[in-house]
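The structure appears right after this line, and notes come after that.
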Amino acid sequence: MIDRRSFSKAFGLGVGAAAVSLTGLQGAATAAPAVGRSGPAPVVPPLVPGTHTSFPALKQVEAGLLDVGYAELGPADAPVVLCLHGWPYDIHSYVDVAPLLADLGYRVIVPYLRGHGTTRFRSPRTFRNAQQSAVALDVIALLDALRIDRAVLAGFDWGSRTADIVAALWPERVKALVSVGGYLITNRAQQLEPIAPAGEHTWWYQYYFATERGRKAMERPALRHDLTRLVWQLVSPTWKFDDATFERTEAAFDNPDYAAIVIHNYRWRLGIADGEHRYDRYEDRLADKPAIGVPTITLDPALDPFTAPGDGSGYRSMFTGRYEHRTLADIGHNLPQEAPTAFAQAVVDADRL
């Protein structure tokens, strides 16, 4: 298995007051009072994956560079959990997790990342950038737009990387963190070095996207359908999803900026596409591999080909606060959708660390 940290990079800038300082915003509204943390954490009731298939009507909010589409469940004045999806996925990775957490008294917000679903750029002139600090600043802008001071951040794939960055650079905005795959902040210099051939093979689509053939495949719906579904099958070998499950997520790929965002993300990681200078100060900080000090639970899906060996030991030193690690047997890359009860339990437990 390959250490996924060696291939980690994707963000977006949500500007606004948050972009002014690496120490975070000072003017955000106060969040709802925290749930009492005395006593043991509640046990999340078991749920068969796929029990839920849809969210309530989606909402939209202008946040930084974006008009963000998002699902929301739970009481409006409750403590917030922000769930971040990856590629090639969408908010339906949390379609079972969100109601589990809402039933336990959380306000759960699940946004479409830039280039996905109903999220749109507010200006046609904005560069369709998917470098890692840009996407992280989208999260800060969303928290500001919704007047949320702090939230539990939970994610996998691009979502883990984004949540890790927010926790590292703006820890005052993060009550706790759940990160599938551990510490996924990208080091661009490290990305230039080759890794073991088996690991390079696992990342075949990253190299495909470096070519014009790959870009065209992402732009053409039929080829995009076959490619993204193949990725689902390869990285989640025991997940028996049906056509309807895939198609609900695939609808999010019809976003007019989807291909541009995906291609820029992977080309930027490989150092063959430029980012924007306005993000340089954030990327400079991230290049120093900043430690994460907020309470954290990391999750490794045992059947994910990107899971690093060693039961999280390879990234343990990067988390300096209260910390737990869990490895989930027989689970692949899309952990929240394949094992929603375990993911929701990690969120509840992280909030109590």
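Summary table
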read-out	value
Residue-span extension gain [D67 to D103] - 0.36 nm each, minus C-alpha spacing	10.2 nm
Residue-averaged 222 nm ellipticity for the chain, from DSSP H runs of 4+ at -39500 (n - 2.57), nearest 500	-9000 deg cm²/dmol
Residue of V108, V48, V178 that the Gaussian network model of the chain assigns the largest fluctuation, springs spanning Cα pairs under 10 Å	V48
Of T228, T245, T119, the one that fluctuates the most in a GNM where the chain has Cα springs shorter than 10 Å	T245
Sites N187 and I272 - FRET efficiency at Förster radius 22 Å, r taken between beta-carbons, to 0.05	0.85
³J(HN,Hα) computed for each position of the stretch 307-321 - Karplus, 6.51 cos²θ - 1.76 cosθ + 1.60, integer Hz, glycine/proline x	5, 6, x, x, 6, x, 5, x, 10, 4, 5, 7, 10, 9, x
Net lengthening on full extension, R285/A222 (0.36 nm per residue, minus Cα-Cα)	18.7 nm
Kyte-Doolittle mean at least 0.5, axial Cα span of 15 Å or more - DSSP H helices of the chain	132-145, 158-169
Where labels lie 7 Å past Cα in the beta-carbon direction, separation of L234 and R248 in nm	2.6 nm
Within the stretch 277-353, GluC sites (Glu not before Pro) in DSSP loop having at most 11 other beta-carbon neighbours inside 10 Å	none
Antiparallel DSSP beta bridges within the chain, percent to nearest 5	30 percent
Cubic angstrom per residue, convex hull over Cα atoms of the stretch 294-353	73 Å³
Distance (nanometres) between label positions extended 7 Å along Cα→Cβ at Q60 and Q206	3.5 nm
Within the chain: Cβ-based charge dipole about Cα centre, in debye rounded to nearest 20 (Lys, Arg +1; Asp, Glu -1)	620 debye
Using a Förster distance of 35 Å, the FRET efficiency for E324-R125 (Cβ separation, nearest 0.05)	0.20
Extended-chain gain in nm, criterion 0.36 nm per residue less alpha-carbon gap, A196 and E172	4.9 nm
Neighbour cut-off at most 16 other Cβ (10 Å), DSSP loop, trypsin sites (Lys or Arg not before Pro), the stretch 220-249	K240
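No value in this document is a laboratory result; all are computed from the given coordinates. Quick caveat: nothing in here was measured; it's all calculated off a predicted structure. Glycine gets a Cβ as well: all are built from the backbone with ideal geometry, and neighbour counts include every protein chain shown.
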